[in-house]
Amino acid sequence: MLATPALIDRHGRTISYLRISVTDRCDLRCRYCMAEQMTFLPKSAVLSLEEIAVIAERFIARGISKIRLTGGEPLVRREVTELVNRLGRHVGAGLDELTMTTNGNALAQHASALVAAGMRRINVSLDSRDPETFRYITRHGDVARVIGGVLAARDAGLAIKINMVALKGLNEHEIAPMLDWCVAEQLDLTLIETMPLGQIDEDRADRFVPLTAVFDDLATRFALVRDVHRSGGPARYWRVDGTGTKLGLISPLTANFCDTCNRVRLTTEGILYTCLGHDDQVDLKAILRSEGVGGLDAALDAAMRTKPARHEFNIDATAPAVTRHMSVTGG
Ligand code: SAM
Ligand code: SF4
């Protein structure tokens, strides 16, 4: 029995998963995610690591059992491992899982510290294993460094899921080889449809690949067995039969998932968004700074009353569904 009531939204969904964007900054500029010239938040607008920890701990007290640290690139935030250590102390004592999504650039250097803090699984973004294509998509990334980080993290004991955004004309032909590589390296793979979040320098519709077609192709090449595991998120999963590898599909544009949504997102600025695709929000930073931690519970309850039933993404719309980028909300 929880000492304080669980977080249940107005549609009866229990909220058990918090994603935290620990920084909006990043050392890459993936074309589908950011514009080349981005304006980042001033330091004064950003939650301190202590404030993030206090808010996260209030969520844990209200029944949040899984926290993902993301961004932006979480590993570019100075001292982020202090936050990982502090939240890691709740794993097995309120929190079932503490995890991270990273671009892998600084992973080799941080992997052991993440394991020591209690992390068991992470997601690493890798849209291409071809050096030129990777450099083009990320605008200046070095794929060898990311792959080195992935393998170092795996060898340090982290289970790894590769995130790959399917991009027309860029990496479609690499999807099947990427799954082969994941099988060989004992990694999972999640394919993602590009989502209309924030203005970028190109039209996302030009790069959009519906994952339904991708899946049909993969099913002719791999023995895929449906896995009933649901994460309360957009992903549906398959197992590559006879291997330890799982294939996930995140297809918010072609398969809506919102009826089982269990998550909310805290931005770098301390804004709590109850849906990736809507602007409903509660300013937890303002409440924490004016009322202290005692003001947070009422704010979380208020947020539960505003969570929308579903996103309204439309890749062909002339403007993105929301103006903020994935890196701000926390992907
Ligand atoms: N920097 C880290 C990384 O790249 O893994 C964490 C943040 S990033 C915003 C989290 C995930 O969101 C990445 O897998 C990235 O590919 C994905 N992403 C970013 N913008 C997206 C968009 N507009 N549509 C779909 N996925 C997106
Ligand atoms: Fe940075 Fe991740 Fe966005 Fe790429 S997807 S620009 S690595 S935040």
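Just so it is clear, none of the values below were taken in a lab; they were calculated from the coordinates. It should be emphasised that the depicted structure is a prediction, and the values quoted were computed from it without experimental measurement. We place every Cβ from the backbone using ideal geometry, glycine too, and count neighbours over all the protein chains shown.
Listed values, structure above:
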quantity: Integer Hz, Karplus 6.51/-1.76/1.60 couplings in order for region 178-190, x for Gly and Pro; calculated: 5, 5, 4, 5, 4, 4, 5, 9, 6, 10, 9, 10, 10
quantity: Rounded if a/c under 1.5, otherwise prolate or oblate - region 101-237, Cα gyration tensor axes; calculated: oblate
quantity: In region 57-143, the GluC sites (Glu not before Pro) that fall in loop regions by DSSP, at most 10 other Cβ within 10 Å; calculated: GLU79
quantity: Neighbour cut-off at most 15 other Cβ (10 Å), DSSP loop, trypsin sites (Lys or Arg not before Pro), region 125-209; calculated: ARG139, LYS168
quantity: Rel. contact order, % - alpha carbon contacts under 8 angstrom, at least six apart, the chain; calculated: 22 percent
quantity: Burial ordering of SER290, SER48, SER251, SER21, fewest other beta-carbon atoms within 10 Å first; calculated: SER290, SER48, SER251, SER21
quantity: Across LYS161/LYS285; LYS161/LYS307; LYS66/LYS246, pairs whose alpha-carbon gap is larger than 30 Å; calculated: LYS161/LYS285
quantity: Top of ALA205, ALA213, ALA111 by mean-square fluctuation, Gaussian network on the chain, Cα under 10 Å; calculated: ALA213
quantity: Residue with peak Gaussian network fluctuation, the chain [Cα springs, cutoff 10 Å], from ALA223, ALA166, ALA152; calculated: ALA223
quantity: Fraction in percent of alpha-carbon pairs per bin - 10 Å, the chain; calculated: 6, 26, 37, 25, 6, 0
